[in-house]
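Readers should treat all values here as calculations from the given coordinates under stated rules, not as data from a laboratory. Quick caveat: nothing in here was measured; it's all calculated off a predicted structure. Backbone-built Cβ (ideal geometry, glycine too); neighbour counts: all protein chains shown.
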Amino acid sequence: MKRIIDLATLPEIERDMYLHDSWCDSCNEADLGISNPELYIEGGRKYISGNCKVCGALCSSEIIEKQAE
């Protein structure tokens, strides 16, 4: 089951990181940014999807959060 997370509830720095640190398979480039973002949790994993700001292709990435040791 997919649970949507409201991006507006996140701290600005975290939200900006999710929206700008992206990969577009069509452009084959990183950090182009995404529009129409959807942040969600599915199967215990966090994802963000949206459209590439350069070419408009659908981009979807799993968000891996590293814990400080």
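Remarks
- Residue exposure sequence - 34, 48 - by fewest surrounding Cβ within 10 Å: 48, 34
- The spread of Cα positions in region 2-63, taken along each principal axis and listed from longest to shortest, comes to 28, 25, 16 Å.
- Approximating the spin labels as points 7 Å out from Cα along Cα→Cβ, the residue 36-to-residue 8 distance works out to 2.0 nm.
- Site pair residue 23 and residue 62 shows an inter-label distance of 1.1 nm when each label is modelled 7 Å from Cα along Cα→Cβ.
- Assuming charge only on the beta carbon of Lys and Arg (+1) and of Asp and Glu (-1), the dipole of the chain about its Cα centre is about 260 debye to the nearest 20.
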